[in-house]
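In what follows, a structure is listed as structure tokens, so that the remarks can point back to it.
The values are calculated or read from the model by the stated rules, or taken from the named source; none is laboratory data. Bear in mind that the values here come from a model prediction, so they are computed numbers and not experimental data. Note that each Cβ is placed from the backbone with ideal geometry, even for glycine, and that neighbours are counted across all protein chains shown. Keep in mind that these areas ignore ligands, DNA and RNA; they rest on the heavy atoms of the full protein, side chains included. Shrake-Rupley method; radii C 1.70, N 1.55, O 1.52, S 1.80 Å.
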Amino acid sequence: MTSNQQRPRTRLSLRSNTTVHYGSLSSEQPDSDASAMQTNSISQKRSYITVAVLCYINLLNYMDRYTIAGVLLSIQNYFGIPDSTSGLLQTVFICSFMLLAPVFGYLGDRYDRKLIMIAGLIVWIVTTLGSSFVKKSHFWVLVLTRALVGTGEASYSTIAPTIIGDLFTGTQRTLMISFFYIFIPVGSGLGYILGATIANATGDWRWALRFSPALGGLGLLLLVFLIPNPPRGASDNKGGATMESTSYIEDIKYLLKNRSFVWSSLGVTAMAFVTGALAFWTPTFLSRAQITQGLRLPCKEEPCNPLDSYIFGAITVVTGIVGVFMGTYISKQLRVRLPNADPLICAVGMLSSSPCFFIAIILAGTSIPATYTFIAIGETLLSLNWAILADILLYVVVPTRRATAEALQIMVCHLLGDAGSPYLIGAISDALLKYNPESSHWDFRRLEYSILLCPFIGVLGGLFFLMTSLYIKEDRKAAELLTSGNNMLL
């Protein structure tokens, strides 16, 4: 008889010529034991601390992302730029974020994830702080630094959710992912509020860009000393087959054949288009609405009236918290009886929020309180989706391809979503300027007509999530079978 050391390895691999390609595993027991030992060495307390640190950094990321929107009127006055150029500030950030996400996804599935996040956070801190020292004659430098900020964020956003996925499983993972993603709306809302508050207090919008990097230094220290680097697939494996990395081409082929991943990514793209455009333009839009109604005078010098940024930011924080926890609770209750509950909840969130945003936009010219009410309802319904979308990706994709999946989804949703939507809205608004260039009333109307595109894109996103619901049960089962080392049914 041969010894265990001489016994050949058993590999369970589905290549790309099969109907569905789900990855590569090795059933070699020593590797499995080593993985289990590494997982067990990370205590539950440290896992919770890890989630808290990742949530803190996620909060800072989104605070910084929407600080620009909170002080946009001041930036427009300072540089003397039109709507389309203003939208470019968000577009270049998202473009760099989008283009580099696949690179960090590839690295995150193969190399030390903690080191990649540390490097990305350093780049983010340096470039964000640097963007606050731009002079009036060098607007292009502000555009460049905002693009580099996206580079730093891309490394973190693609990898952080996969670490949480490797520390927890089942309903506990859903809850932890909910905590992580709740800081998207919370951070976005605080970005408006703190950006406007600091700019108003100092009389200079550039000080608003210096706040997040200061807090980012603390996040860097916490990341270095408190975050572990768990084995990929550790929480899913539980002593079964050990996942092995495959080539990048094989990973992409697998993801493109995963129908739940494809349709949900298209749904996320539509959601990104809507949230990106509304998040960037809503404070400016509501300010112009109040000027049209005679409730305030046009802003001629810094700092501009920050009231709309305060209100919209507060609404975003509250509705984000309520919506994420509502979505998580509803998902937990329905999953047991309805296997495709998650994409159906996302579809309901998109399809029901779109009419709310449509009504809010139409009412802005006559009733600001009614507009805020419908915005709040729409944001709550849209926020049902945040944690659920992340959980869908984690359970329909095998562990060794999750960072690549996160990166590919980020690239697609930003490429076709919020990378272009702020600029597109601004460009449409500028194109309509020629019909009445001297009217403040027309300044409001042309932006109103541009933003009305968003609710229709939201309906399209709801249809994409309905398509996801047709395949999610099958794709989830396939991923679970392969992760456990049982591919007999695939």
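Show log10 I(q)/I(0) for the chain at q = 0.05, 0.07, 0.10, 0.14 Å⁻¹, two decimals, from a solvent-free Debye sum over equal Cα scatterers.
The Cα Debye sum returns log10 ratios of -0.19, -0.37, -0.73, -1.34.
At 1.4 Å probe radius, can you tell me the per residue accessible area of the chain in Å²?
Working: 19190 Å² over 490 residues.
Counting only protein heavy atoms, the per-residue value for the chain is 39 Å².
Within the accessible area of the range 241-338, what % is carbon and sulfur when the probe is 1.4 Å and the other protein chains stay in place?
68
Report the full-extension gain for the segment K45 to E438: residue separation times 0.36 nm, less the Cα-Cα distance, to one decimal in nm.
On the way: separation 393, 0.36 × 393 = 141.48 nm, distance 6.15 nm.
Extra length available between K45 and E438 comes to 135.3 nm.
For the cross-link pairs K114/K136; K257/K332; K45/K332; K332/K477, which exceed 29 Å when the distance is taken from alpha carbon to alpha carbon?
Details: K114/K136 38 Å; K257/K332 27 Å; K45/K332 24 Å; K332/K477 18 Å.
Distance filter (> 29 Å) returns K114/K136.
In degrees from 0 to 90, rounded to the nearest 10, what is the angle of the helix 44-70 Cα long axis to the longest principal axis of the chain?
Once rounded, one gets 30 degrees.
In degrees between 0 and 90, to the nearest 10, how far off the longest principal axis of the chain does helix 113-131 point, with axes built from Cα atoms?
10
Kindly report, to the nearest 10 Å², the accessible surface of V322 as traced by a 1.4 Å probe over protein heavy atoms only.
70
Expressed as a whole percentage, what fraction of the accessible surface of the range 42-233 belongs to carbon and sulfur atoms when a 1.4 Å probe is rolled over the protein heavy atoms?
Heavy-atom surface of the range 42-233 belonging to carbon and sulfur, 1.4 Å probe: 72 percent.
Could you tell me the accessible area of K332 in Å² (1.4 Å probe, neighbours in place), rounded to the nearest ten?
130
Straight distance only, please: which lysines reach the Cα of K135 with their own Cα at less than 22 Å, same-chain residues fewer than 8 apart left out?
Filter leaves K300.
Report the calculated FRET efficiency for N305 and Y449 (r = Cβ-Cβ distance, R0 = 22 Å), to the nearest 0.05.
0.40
Kindly sort L382, L460 by accessible area of their heavy atoms, largest first, with the probe set to 1.4 Å.
L460, L382
With labels modelled as points extended 7 Å from the Cα through the Cβ direction, what inter-label distance (nm, one decimal) is found for V459 paired with V103?
The two pseudo-label positions are separated by 4.0 nm.
Taking GluC sites (Glu not before Pro) as candidate sites, keep only those in a DSSP loop with at most 15 other Cβ atoms within 10 Å, then name the longest stretch of the chain containing none of them.
Counting at most 15 other Cβ atoms within 10 Å as exposed, the longest clean stretch of the chain is 1-300.
Take the Cα pairs of the range 248-489, get the Kirkwood Rh, then feed it into Stokes-Einstein at 20 °C and 1.002 mPa s and tell me D in µm²/s.
Value of D from the Cα-based Kirkwood radius: 111 µm²/s.
Quote to one decimal, in nm, the extra length available between K257 and I362 on full extension: 0.36 nm per residue of separation minus the C-alpha distance between them.
33.7 nm
In degrees between 0 and 90, to the nearest 10, how far off the longest principal axis of the chain does helix 259-292 point, with axes built from Cα atoms?
That helix lies at roughly 20 degrees to the long axis.
As an exercise, use a Förster radius of 45 Å and the Cβ-Cβ distance of E474 and A370 to find the FRET efficiency, rounded to the nearest 0.05.
Plugging the Cβ-Cβ distance into 1/(1 + (r/R0)^6) gives 0.50.
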